[in-house]
Amino acid sequence: MDGGKELILSERLLAIAQWIPPGSRVADIGTDHGYLPIWLLQHGCAAFIAACDVREGPLEHARRSAAQYGLQEKLSFRLGSGLSCVAPDEIDTIVIAGMGGETILSILEAAPWTNDARYTLLLQPMTKAEVLRPWLSEQGYVFLKERLVLENRTYFPIMALRGGGTGQPLSIGQAWGGVALQDDPLQGNALDALLHLCTYALNGLERSTVPKNLERAAQQRAILVQLRRMKEEWLHANGKRT
Ligand SMILES: C[S@@+](CC[C@H](N)C(=O)[O-])C[C@H]1O[C@@H](n2cnc3c(N)ncnc32)[C@H](O)[C@@H]1O
């Protein structure tokens, strides 16, 4: 890093930043405070960065943050929804972090050009990863790696993907428990948290007399079976059980 003060990223954003391929041309969609682009510039990790947000307020926040670190001239600030404010040839790496899984899905759905092997996507859903993962896989985005970060007592997945694959369905266990988290040290606890959540949901459904909830309860049981199996496999793979 050159002189001047260094921005300290949260563990969540740092984990994303560390997966940005060196020399990338990055679009940070939903940049808000602009911390990720600033850190990438400070560490010489990207050749170009578009800091994008759908609202003027957050984009102004990003401009202020960049000015604080003397980097305002080195970032391209873009106002617009999703990827509408970047051209496909400008970038090769797309970051969409800190949003709900369904919002991330709708941003990518509106930009089908991202489903191409030229692009690396780093996605970090705050919710509904179980909706986002199967959609991505069915569309042909290929999971390269995943990892978990613990923030505010919640486990958040970070996913690296590239476009241009053949669509593959995921199992319901992969949708909920992750595609590439078998070696993640946090996966055991993250699976426990999911098992707790799904058991709670199942208990509610089993008390219901609404016929549709019987169907949902059966689906919830299927999720639980697969998550329990994943937990067993994780324990074996990580030497916690022989
Ligand atoms: C919670 S912040 C996340 C900031 C940062 N990416 C992070 O992970 O810490 C979410 C940001 O996404 C922006 N946002 C929401 N929907 C968006 C969309 N469709 N296109 C671009 N930005 C969007 C919001 O305005 C907000 O600034």
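The values are calculated or read from the model by the stated rules, or taken from the named source; none is laboratory data. Everything numeric here is computed off the predicted structure, so don't read it as measured data. In this analysis, Cβ positions are derived from the backbone assuming ideal geometry, glycine residues included, and neighbour counts consider all displayed protein chains. These accessible areas exclude ligands, DNA and RNA; they are computed on the full protein's heavy atoms, side chains included. Shrake-Rupley method; radii C 1.70, N 1.55, O 1.52, S 1.80 Å.
Observations on the model:
- Here Asn152 fulfils each of the conditions (1) on the phi > 0 side of the Ramachandran plot; (2) open to solvent by 40 Å² or more (accessible area, probe 1.4 Å); (3) at pLDDT 95 or above; (4) not aromatic (Phe, Trp, Tyr) apart from (3).
- Taking strands (runs of 3 or more DSSP E) as the structural unit, those lying wholly within the stretch 116-212 and holding at least 1 residues that are small (Gly, Ala, Ser) correspond to 154-162.
- Scanning the stretch 52-72 for residues being among the small types (Gly, Ala, Ser) and crowded, with 20+ Cβ neighbours inside 10 Å gives a total of 3.
- Restricting Ser106, Ser76, Ser84 to those that are touching a Phe, Trp or Tyr at 6+ places or on another chain (Cβ under 8 Å) and small (Gly, Ala, Ser) reduces the list to Ser76.
- The stretch 73-115, residues that are open to solvent by 40 Å² or more (accessible area, probe 1.4 Å), within 22 Å of Ala47 (Cα to Cα), more than 10 Å from the ligand (Cβ to nearest atom) and outside any loop (DSSP other than H, G, I, E, B): Glu73, Lys74, Phe77, Trp113
- Test: Glu130 is over 24 Å from Ser24 (Cα atoms) and surrounded by fewer than 15 Cβ atoms within 10 Å (Cβ to Cβ): no
- Residues that are in a strand (DSSP E or B) and not aliphatic (A, V, I, L, M) were ranked within the stretch 1-33; the one that is nearest to the ligand (Cβ to nearest atom) is Asp28.
- Count of the stretch 34-71 residues which are away from the ligand (no atom under 11 Å from the Cβ), in contact (Cβ under 8 Å) with a residue 40 or more places away in the chain, within 23 Å of Asp89 (Cβ to Cβ) and in a helix (DSSP H, G or I): 0
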